[in-house]
Amino acid sequence: MDRRSFLKTSAVTGASAGLLPLHQAAASPTRGEIQSYPTLGRTGLKIADISFGSGRLNAGEEALVLDAFDRGINYFDTAEMYSEGVAETVIGNALRGKRDQIVLASKIVARARDSKASMMEILNGSLKRLRTDYIDIYFNHAVNDVGRMKNPEWGEFVERAKEQGKIGYVGMSGHAGRLIQCLDYSIEHDIVDVILVGYNFGQDPAFYERFTSGFDFVAKQPDLPRAIADAKQKGIGVIAMKTLMGARLNDMRPYESGGATYAQAAFRWVLSNPNVDALIISMTNHEDIDEYLGASGSTEVAAGDFALLGRYAHTNGASYCRHACNDCEGACPYGVPIADVMRTRMYATDYEDLPFAKREYAMLGAGAGACLSCDGQPCQDSCSHGLDVSQLCGPTHQLLA
Ligand code: SF4
Ligand code: SF4
């Protein structure tokens with residue numbers, strides 16, 4: 001049953017008024033393996049539908065990377081700033097001798113005024129750590145300022161790097177407030193081959209169509225699925241990240257049954273969007289890989305998935321920031337980047353990865369320091385999803401600064 005049929009059937013049976021019976025999907029295999037290698041847009045590259053994200057990869061975890069490779073994962077996503085180059089080094093070590101069997105992606109934070117010379121230097125560092133002479137897809141990372149994509153030095157840099165055979169394709173990644181604006185510019189000007197975007201059921205209005213009566217908020221990001229569809233139509237490869245809406249997996253364990261899990265349901269939701277080619281997810285242990293790859297090969301939402309997703313949304317919807325909605329932008333007169341602060345809070349409280357959260361928070365400059373001496377009046381009611389911004393930002397600063 002595809003998503004549209006499911007919605008239609010649910011409406012007829014009245015199932016949309018409440019949660020469905022618990023999961024009846026097939027149990028995941030005990031040893032997860034990749035079942036599908038979709039084509040990544042016009043790049044023609046075939047990559048595992050559920051692939052390896054390395055944002056939380058630590059030194060000495062080469063065996064984890066190799067395990068992923070052995071299960072059929074052939075796409076490895078990293079970035080020069082992940083653990084200050086450690087993630088690239090680990091991937092380079094682990095996959096030495098396998099370069100022709102994998103697709104490598106890395107990223108750079110190329111700012112609006114950075115020079116092509118400095119970008120080339122950073123790329124050369126990544127190549128060295130990855131033990132390779134080319135990167136298949138090179139992303140401008142976490143873009144939240146369209147000036148970064150407009151920077152002529154960026155354009156000249158990627159052309160030069162391509163000519164030199166150091167990169168194959170160009171990408172843009174993003175998950176913050178001005179994501180849609182940055183995507184629209186990049187797609188319209190046809191300056192990317194691949195996009196990597198934060199996308200999950202909690203951001204997609206289509207998900208809430210079934211639950212409107214039970215929710216006191218409605219997702220307000222209709223432009224994200226639209227931008228993804230625009231990309232697909234142009235032949236741009238689409239990879240999703242942040243697919244677990246905060247990844248509070250342990251909250252959901254009591255409600256999982258039949259071997260199917262919340263994470264698999266969330267992945268099936270993303271992969272059921274025909275405009276999404278694949279997703280990446282941080283794999284932090286071998287059990288993660290088993291669980292996550294249980295959803296590989298899915299192109300449809302399974303019966304019962306909505307019950308898990310709906311329960312998760314009910315439990316966490318009031319504290320989960322849909323980063324790309326950015327309705328709170330401008331609400332803080334002191335310049336606190338609310339959506340970005342919320343994202344780092346998610347790393348700390350939902351992912352429970354404090355070191356990673358601190359590293360990301362450090363990149364926000366003053367962050368939410370101003371919240372400590374503010375009465376919270378200016379940002380009151382600024383979140384269209386009902387989050388209490390002042391009560392979340394101040395403590396995030398205390399935790400991560
Ligand atoms: S509490 Fe004050 S400083 Fe913090 S985000 Fe709200 S308005 Fe800005
Ligand atoms: S805090 Fe609220 S308004 Fe701001 S980005 Fe997050 S969900 Fe949107």
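Some values worked out for this structure:
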quantity: Among Lys232, Lys98, Lys116: highest mean-square fluctuation, GNM of the chain, C-alpha pairs under 10 Å; calculated: Lys98
quantity: For the stretch 338-400, projected area of the alpha-carbon convex hull averaged over all directions, nm²; calculated: 3.9
quantity: Nonlocal amide H pairs with Phe139, under 5 Å, H built at 1.01 Å; calculated: Ser106, Lys107, Ile108, Gly171
quantity: Sequence-distant aspartates and glutamates (8 or more away, or on other chains) whose Cα lies within less than 15 Å of Lys234; calculated: Asp184, Glu188, Asp190, Asp193, Asp277
quantity: Environment charge of Gly85, counting only residues whose C-beta is closer than 11 Å and scoring Lys/Arg +1, Asp/Glu -1; calculated: -1
quantity: Fluctuation leader among Leu64, Leu271, Leu364 - the chain, Gaussian network, Cα springs under 10 angstrom; calculated: Leu364
quantity: Computed E for Glu156/Ser384 - FRET, C-beta separation, R0 35 angstrom, nearest 0.05; calculated: 0.35
quantity: Net charge, Val389 excluded, C-beta distance under 15 Å - Lys, Arg +1, Asp, Glu -1; calculated: -3
quantity: Charge dipole (debye, nearest 20) of the chain; +1 at Cβ of Lys and Arg, -1 at Cβ of Asp and Glu; calculated: 380
quantity: Residues His189, His397 arranged by fewest to most Cβ contacts within 10 Å; calculated: His189, His397
quantity: Extension gain (nm, one decimal) between Ala63 and Lys234, 0.36 nm per residue minus Cα-Cα; calculated: 57.8 nm
quantity: Ranking of Arg343, Arg178, Arg31 by count of other Cβ atoms within 10 Å, fewest first; calculated: Arg31, Arg178, Arg343
quantity: DSSP beta bridges in the chain [antiparallel fraction, %, rounded to 5]; calculated: 5
quantity: The chain: mean projected area of Cα convex hull, nm²; calculated: 18.1
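Taken together, the values in this text are just the output of simple stated rules run on the coordinates, not laboratory data. From a predicted model like this one, the values you see are computed outputs, not experimental measurements. Neighbour counts are summed over all protein chains in view; Cβ atoms, including those assigned to glycine, are modelled from backbone coordinates with ideal geometry.
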